[in-house]
Amino acid sequence: MPRTKKKNTKGGQHGTVQPFSDEDASIETLSHCSSFSDTTSVADDGGEASEDAAQEDFQYKLKGFIDSTVDKSAKTRQGALDGLKAAMATRILYEFISERRMTITDSIERCLKKGKGEEQRAAASLACLLCIQLGSGIESEEVLKTLKPIFKNILADGSANIQARQAVATSLGLCTLVAEDDILDVYATMECFENLFTRSYAKADGTCPTISPQTSQLHVNALLSWALLLTICTASQLKDILHKHLAKLQRLLESDDVNMRIAAGETIALLFELARDIDSEFAFDDWDQLCDKLTALATDCNKHRAKTDKRKQRSVFRDVLKAVEEGDFQSETIRFGTERMTIDSWVRKRTYDAFREFVGSGMNYHLQANEFIRDVFELGPPMLVDSATMKAMKISRFERHLHNAAAFKARTKARSKFRDKRVDVGEF
């Protein structure tokens, strides 16, 4: 991260590595096992296994995954990559990974070059998780330096597997955010993304280019990665981007792909937020035309579009319209452990969504323990909470059931009242 990066910011506290569960497969079946649970400790049926023994067992399995990434069987390599991904997404493994960083990087490079489809996709995601674990510093920079040329070759190769290109478009964006030290290299990577998503721009006559759904998803991923890197651009570069792209991004709002329309809308809202940070009196020449398009999408009722697409689109574009017209953002609170974080801007939302896409259900754990991610969201050093406090925070399954039942009942009553107020139009 060129703007705020601190050298040698580690991926997390260098504590003990905690295993996932007591139901992991043996080393003979490692290539087929990637479904780790989110439990924080392992104990055998009699509760006799010590923490040290469990840690050694866990590390043994991780070493097995690493060894299996060079297996002759594509299925075994795929399973090993998935296993490493699951581990890195749900645990802090800085010390273990740091010692084997070059080996893991070489395995990812080999899978990207020689693998096919799903294997390349898994390798690209693993590269991103590796950078998240290592944090912002020399180690992650070396990982990106090795893999970036391969990423860019896959992106530019129209004959490459489309799923691999989609994954690379997403991974390269976050890897650049985490590990890139030179802002000029950030701009060069953004140009690679521009070369992709601009192909979805509507033509001058208003017609949309004919693009397959999978290619459209590639362009969506490229646009979202481009938007992510906007958050670390300098003010002078942002002014150039606003002049070059803001008016043209409106053309993506006419896309037949609902995901592209939504990505374009959120990117426009992000650009307006960044522009107003630079100049509170920022004015856009095509303001009225843009607001008309956003209003139409926020109230879209075209019958040829699926109901779920229309519902999702209307919800997003109501927020986008508020952002453009009023500079407003619908804030959201994220709770994790004893802490909470507020998503109060489009910049923070894009950043949070990017990290969550890779760590998934492990996001709350990383918000608690990953020093780099906590630094990105300005959460300070990780808080130390003893086991007694954590146990006191937990509620029983019965209490949780009662709470959910009460919430369901209240929601049902509220919806019933709303339904009663509706008028059936067309019945006389």
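The values are calculated or read from the model by the stated rules, or taken from the named source; none is laboratory data. Just so it is clear, the model here is predicted, and its values are computed rather than measured. Here the Cβ positions follow ideal geometry from the backbone for every residue, glycine too, while neighbour counts run over all protein chains shown. Surface areas here come from the heavy atoms of the whole protein model, side chains and all, with no ligands, DNA or RNA. Shrake-Rupley method; radii C 1.70, N 1.55, O 1.52, S 1.80 Å.
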Open item on the list: If I model a spin label as a point 7 Å beyond the Cα along the Cα-Cβ vector, how far apart are those points for Asp285 and Gln214 in nm?
Closed with: 4.0 nm
Task: Cut-off under 5 Å, modelled amide H: who pairs with Ile334 long-range - done: Met341, Thr342, Ile343
TODO: Enumerate the calculated ³J(HN,Hα) couplings along segment 148-153 in order (Karplus 6.51 cos²θ - 1.76 cosθ + 1.60, θ = phi - 60°), each rounded to whole Hz, writing x wherever the residue is Gly or Pro.
DONE: 4, x, 5, 4, 5, 5
Task: Listed peptides 88-99, 231-242 by packing density, highest first (mean Cβ within 10 Å) - done: 88-99, 231-242
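Once the Cβ-Cβ distance between Glu326 and Thr103 is put in as r, and R0 is 45 Å, what FRET efficiency do you end up with, to the nearest 0.05?
On the way: r = 52 Å, r/R0 = 1.15.
Efficiency at R0 = 45 Å is approximately 0.30.
Can you give the Kirkwood hydrodynamic radius of segment 103-239 from its Cα pairs, in Å with one decimal? Don't skip to the answer; put the middle values down first.
Details: mean 1/r = 0.0655 Å⁻¹.
Result for segment 103-239, one decimal place: 15.3 Å.
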Task: segment 58-181 - charge dipole about Cα centre, Lys and Arg +1 at Cβ, Asp and Glu -1, debye rounded to 20 - done: 480 debye
Task: Relative contact order (%) - criterion: Cα under 8 Å, at least six apart; region: segment 227-283 - done: 35 percent
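Contact order normalised by length for segment 191-352, with contacts defined as Cα pairs under 8 Å and 6 or more residues apart; what percent is it?
Numbers: 170 pairs, mean separation 32.1, N = 162.
Relative contact order comes out at 20 percent.
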Open item on the list: Using DSSP to call loops (not H, G, I, E or B), can you name the trypsin sites (Lys or Arg not before Pro) in segment 150-200 whose Cβ has at most 13 other Cβ atoms within 10 angstrom?
Closed with: none
TODO: Could you list which residues have their amide H under 5 Å from that of Ile211, counting only those 5 or more apart in sequence or on another chain, with H placed in the peptide plane?
DONE: none
Task: chymotrypsin sites (Phe, Trp or Tyr not before Pro) within segment 257-350, DSSP loop, no more than 16 other Cβ atoms inside 10 Å - done: Phe282
Open item on the list: At 7 Å along Cα-to-Cβ for each site, give me the label-to-label distance between Arg411 and Lys239 in nm.
Closed with: 4.9 nm
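Of all accessible surface on segment 71-176 at a 1.4 Å probe, what whole percent is carbon and sulfur?
C and S atoms contribute 48 percent here.
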- [ ] Please report the relative contact order for segment 58-181, taking Cα pairs under 8 Å with a sequence separation of at least 6, and give it as a percent rounded to a whole number.
- [x] 25 percent
